[in-house]
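The values are calculated or read from the model by the stated rules, or taken from the named source; none is laboratory data. None of these values were measured; they are calculated from a predicted model. Methodologically, a virtual Cβ is constructed for each residue, glycine included, from the backbone with ideal geometry; neighbour enumeration extends over all protein chains shown. Surface areas here come from the heavy atoms of the whole protein model, side chains and all, with no ligands, DNA or RNA. Shrake-Rupley method; radii C 1.70, N 1.55, O 1.52, S 1.80 Å.
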Amino acid sequence: MAVGLILNIFNVISRGISDLPEPFKTWWGWTRLCIYKCFRWIPNFLRPIGDLIFRPRSLKEAERQQERRYSSDPESGEFQTVNDSHRENNTKIKAEDEFSGAEYKVDREDDFYCQYDSTWEAEDSESNKTQKTTSPAGGYRSYKFSRFENAARDMQKYRRNYPGQNSREQEHDENPNLSFYRGETRSLPDGFTINGFHERWYGNYEKLERVHTFIQWLFPLQEPGMNYQAKTLTKKEIQEFLDSKKAKQNLLRSYKLMLDFYGIELKDEETGDVQRASNWRERFQNLNSHTHNNLRITRILKCLGTLGYPKFQYPLVRFFLEETLVKGELPNVKDSALSYFVFAVLSKQERRRLLRFAFQHYEPKEEFVWCPKKVQKVWLGQQNYMRDEGQSFKNSSDH
C-alpha cells in the first residue's frame, strides 16, 4: 500500500514536470535516468520499484524494439529489425566490437578460412559472391574442417534470413503456426493445443524423447523438418507472431519445457541466463546418448532468433560450451555445439566471444578448425602473455 501511494505521488509530480517548458523537461529526463542507473546497484527485490518509477521512456521504447525479430546483417555485424517494406529506415543496434583491431582482419588465404562464415569478415565482405575456402592439408583436421564447412553453409542460409526463398501461399490457413501458438488450432498429427503441450507434456521425458513430430510445431522455422504435416513460417507470419504477446509468451513456455527436458533451467528471463537443473545428471545422460537432440537444439536456437528471443541464444550456447569444454560433460554434444550452436547466434560480436571462449578451453588447439588460423594465433599469444604474467607475479610473490 505504501509503495502504491509513493508511485501515485511520484507519477503526479512527473506529469506536472513533463508539462513544464524546456529546459526543465530535459533536466527531469536526465534526473530520472541517473536515479534509474543508481537503482541497478541495489538489491534485486527493490529493482522493480526503480524500474517502474525511474526507467526513462526512451529505454522502455528501446527494449520494446529489441524484443522484435532481429536479423543479422552479415555485412556489418549489426542487428536490424525485420520490416521488409521499410528496412532502410529500421533502427540498427550495433554492439561494441572488441575484435576490431587489425590483427582480426582475415585473409581469405588463411588456414581455416570458410566462405560460409561471416564471423570474421569485414563489414563489406560478405555478399552473395562465392569466396575461396582454405582448408588444411589432409588428415583429421581436414575431415573436421569439411564437416564444419557443411554446417556453416546451412547456418549462413539461416543468418541471411533465407535469401531467395519465396513465401509459401496457404490455401486454407495463412498462419498455421501463429494460430497454433494462439491456442486456436491443434498440432498435426499429435492433436494437441499449445496449452495441452505445456500442461501434459512438461516433465513427460519418455514422450518427449520418443515422439518426433512435435518439435516442428513448438519451434517453427522457415525451413521444413521431418514432420510433413507441419508448415514452414512465412515472412508475414513471422511479423504477426512478433506482434502477438500471447504467442511470444507461449513460445517462452515451450522453451522452458525443452530446457527442463535437457536438465537446464532458465535462471533469468530478462538476460536469458541458464543453469543446471536439479536433475541435470539424469537428463545429461539422456541428451548425450540420444544425439538427435543436437538437431532439436539447433532448431530451438534458430527459432529463438527468428521469433523474438535472440538474446536467449548466447547464454544457451555459452552454457553448452562450458559444459562440454570446461566441465567435460556431454562429449557427444561438443561437435554440434561448435559447428552448429555457435553459428546459430545472430550477433556477430557474440559469435566471436563464444569462439574465443571455445578456443581458450579446447584441446588440442591444433585441431581447432572453427575460426581462421590468424585469429587463433592472436588468442594463443594473449593466453601465453597472461600465463607468463601470472608466473612472473607468482615468482615475485615467492621472493
For region 169-244, what is the convex hull (Cα atoms) projected area averaged across all directions, in square nanometres? 5.1
In what sequence, highest mean first, do 326-339, 202-215 appear when ranked by Cβ atoms within 10 angstrom? 326-339, 202-215
Through the Karplus equation 6.51 cos²θ - 1.76 cosθ + 1.60, θ set to phi - 60°, convert the phi angles of region 195-206 into ³J(HN,Hα) values in whole Hz; use x for Gly and Pro. 5, x, 4, 5, 8, 9, 9, 4, x, 8, 5, 4
Residue-normalised accessible area of region 253-302, expressed per residue, 1.4 Å probe, Å²: 44
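Ranked highest first by the average count of other Cβ atoms within 10 Å around their residues, in what order do 195-201, 344-350 fall?
Per-residue mean Cβ counts within 10 Å order the peptides as 344-350, 195-201.
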Would you mind counting up the charge near L266? Only other residues with Cβ under 11 Å from its Cβ, with Lys and Arg at +1 and Asp and Glu at -1. -3
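Which shape class applies to region 315-362: rounded if a/c is under 1.5, otherwise prolate when a/b exceeds b/c and oblate if not, where a ≥ b ≥ c are the square roots of the Cα gyration tensor eigenvalues?
Verdict is prolate for region 315-362.
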What distance in nm lies between label points placed 7 Å from Cα along the C-beta direction at E109 and S278? 6.1
Report, to two decimal places, the Cα Rg of region 158-314 normalised by 2.2 N^0.38 Å (N = number of residues). 1.01
Filter K144/K334; K311/K374; K105/K348 down to the pairs with a C-alpha to C-alpha distance above 19 Å, please. K311/K374
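Of K207/K327; K267/K327; K157/K235, which ones are farther than 21 Å apart at the Cα?
Too far apart for the 21 Å limit: K207/K327.
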